[in-house]
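These notes are about the structure you will find just below.
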Amino acid sequence: MAEIVAPQNVNNPGQDPRWLGFINSPGGMMPPGGMGWGYRPYLTTSDTQVYRNKDQFANDARDAARANPFGRSALRVTTDAIIGKELTLFLAPDAKALGVTQDEAEAWAEMVEQLWNSAANSPACHFDAQRKQTFSGLMRTAYQEYYTGGECLGSFKWKQSSNGQRTCVYLIASERLSDPHGVMDYTGKRRMGVERDSEGAPLAYHIRQKHPNDSLLFGPPDKMQWWRIPRQNQWGRWNIIHYYEQDRVDMTRGLSAFTTALLPMRLLDDYNKTELESAALRATYAAVIESELDYDKAMGVIGSEYANAVKGNPLFDFTMRMMADNATFYRGQDLHFGKSKVSHLLPNEELKMVQGNNGHSILKDFNQSQLQILASALGVAYESLTKDYSSTNYSGARAALYDVWRSYEVQREGFIRNFAWPIFINWLEEMVALRGVIPMLGSQNFYDRVDALTYGTFETWAKPRLDPHHETNADIALYKAGALTLRDLTRTDGNLDWRKTLRARAQEKAEMDRLGLKPEDIDWDILPEVQKAEAAQTAAERPAGSGSGPQ
């Protein structure tokens, strides 16, 4: 172990040349000579770390999500869990803050939800500036961009659609958010294309007009021009939405969630390729001819002393002549037994079959351990990542589901609140304040009560059921006890609208009455109880002493 030498100037060690060299090096904050082994990370800020690694991490993560089967599986599973089949608006305006009754607030919210959901799910794709995806599809694309690249970026456009609305979103590749002409701002106001105030709040975004690589294939040549877009306009309407995970304080841009998974993913891929090559070698057979000729001595002469060997060396001449004669002899062989060829060897020679070593492979154990590490790094359950449920029992699957679903809920809330919800706020502003399609709730100004008006969230499907029978009975017990609502129950089974569910049941009941059907005609499980109740009522209506009839 290297000896640790103290600085010459104890009172001011920073003046010692050895410490100056250490402090200025990127190796880490360790005394000269070192106190440990391996990689030593150095002290840095969050933005310095992002600036140095962001592009490379994003490129590696997107490649892994596209080409690696487990990376693709993790992306698909996580996106399906966070966004789901469809994002449904749930609005609950604050009636007290708006000065209206609760009934008025609920009626207004139901009207807004119906208008939003019809526009969001329309195949005309009103919310997509490119008119390619519905609102839920747009959010899936944005979340996938965030999951692989570490951030997602969108710009609001004012573009008329077929239903009359103009609010729509244009998703932007995060590589276009950058410093103009690659020139850093050393005053600290702008970092990686984002202008900030003195506390670090984003004020404006510098967006390159074209992706850096687009001109290579699609032209025309990139003129390297940037747009400066304020985050919000002068009255507060969103112009840019930018979402990333705030892992450390004072972060301006985000890093990919794939970062910790890249190394185990590559190790697993390399090991599998090596095992495939080894299996191919084990399946290969080779035939060799064993001879009494001292081949090592002959090759030693040929290889190490070739220059002298060619100058009349008897051993070299003898070897070469013998190999040539043997080759001529074997080429002349043409003996067959049926369809099999028979080789006639020279005296003292033997034909030997050689096969690669078929040793015990630890591929399955290695894959399982690496995939468990990979699932932990990607934030998904091992069973969901590998689609292997053969070794999972009910208790283990339930624990894994509860653990990973908590993370999904947190990620969903962050994404919805910071990326999806501003889209709804801008749309509602257009409908209420700018175009007057929806009447204002209450007598106040829209901009003064926007927070009270837009209290709510987007809902998608809830945690899946591992045991539908028992879990449904448990939910019904909680519902009867008042711990769950009908909205909670309908959200669990496919994110249904509880109001539509009640209306549908009322229509079913009315149709049953019209047809003269009773509940026991539909559900035969309750028929015995109905028969018992009818028998008891008949017995109670009989006159006293009339008997019970023949036995």
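The values are calculated or read from the model by the stated rules, or taken from the named source; none is laboratory data. Keep in mind it's a predicted model, so treat the numbers as computed, not measured. Heads up, the Cβs are rebuilt from the backbone with ideal geometry, glycines too, and the neighbour counts pull from every protein chain shown.
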(Q) Step by step: first the residues of segment 466-482, then only those that are small (Gly, Ala, Ser) and either at pLDDT below 80 or assigned to a helix (DSSP H, G or I) (or both), then the one that is nearest to residue 394 (Cα to Cα). Which residue is that? (A) 474
Q) Quick check: anything in segment 233-247 of a type in the set (Phe, Trp, Tyr) and more than 18 Å from residue 194 (Cα to Cα)? A) yes
**Q.** Hits in segment 162-186 - residues which are of a type in the set (A, V, I, L, M) and crowded, with 16+ Cβ neighbours inside 10 Å
**A.** 169, 171, 172, 173, 177
Q: Determine whether segment 483-490 contains at least one residue that is of a type in the set (A, V, I, L, M), surrounded by 15 or more Cβ atoms within 10 Å (Cβ to Cβ), modelled with pLDDT under 90 and part of a loop (DSSP other than H, G, I, E, B).
A: yes
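Do we find that residue 151 is of a type in the set (D, E, K, R) and within 30 Å of residue 56 (Cβ to Cβ) in this structure?
On the way: of a type in the set (D, E, K, R): yes; within 30 Å of residue 56 (Cβ to Cβ): yes.
Yes; evaluated as a whole, the condition is true for this residue.
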Q.
Conditions first: (1) more than 30 Å from residue 96 (Cβ to Cβ); (2) touching a Lys or Arg at 6+ places or on another chain (Cβ under 9 Å); (3) surrounded by 14 or more Cβ atoms within 10 Å (Cβ to Cβ). Residue 462 passes all but one, so which condition is the exception?
A. (1)
Q: Please enumerate the residues belonging to segment 191-233 that are in contact (Cβ under 8 Å) with a residue 60 or more places away in the chain, aliphatic (A, V, I, L, M) and more than 11 Å from residue 176 (Cα to Cα).
A: 229
**Q.** Within segment 350-367, considering residues that are modelled with pLDDT of 60 or more and surrounded by 14 or more Cβ atoms within 10 Å (Cβ to Cβ), the one farthest from residue 464 (Cα to Cα)
**A.** 363
Q | Matching residues in segment 61-105 - criterion: being surrounded by fewer than 19 Cβ atoms within 10 Å (Cβ to Cβ), acidic (Asp, Glu) and farther than 14 Å from residue 453 by Cα | A | 63, 80, 103
Q: Would you mind listing the strands (runs of 3 or more DSSP E) fully within segment 187-246 where at least 1 residues are surrounded by 10 or more Cβ atoms within 10 Å (Cβ to Cβ) and of a type in the set (Gly, Ala, Ser)?
A: 202-208
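Do we find that residue 66 is outside any loop (DSSP other than H, G, I, E, B), basic (Lys, Arg) and modelled with pLDDT under 90 in this structure? Explain how you work it out, then say what you get.
On the way: outside any loop (DSSP other than H, G, I, E, B): yes; basic (Lys, Arg): yes; modelled with pLDDT under 90: yes.
Against the criterion (outside any loop (DSSP other than H, G, I, E, B), basic (Lys, Arg) and modelled with pLDDT under 90), residue 66 qualifies.
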(Q) Looking for something within 26 Å of residue 164 (Cβ to Cβ) and modelled with pLDDT under 90 - is there at least one such residue anywhere in segment 432-442? (A) yes
**Q.** Only one of 402, 408 that is surrounded by fewer than 14 Cβ atoms within 10 Å (Cβ to Cβ), in contact with a Lys or Arg (Cβ under 9 Å, 6 or more places away or on another chain) and in a helix (DSSP H, G or I)
**A.** 402
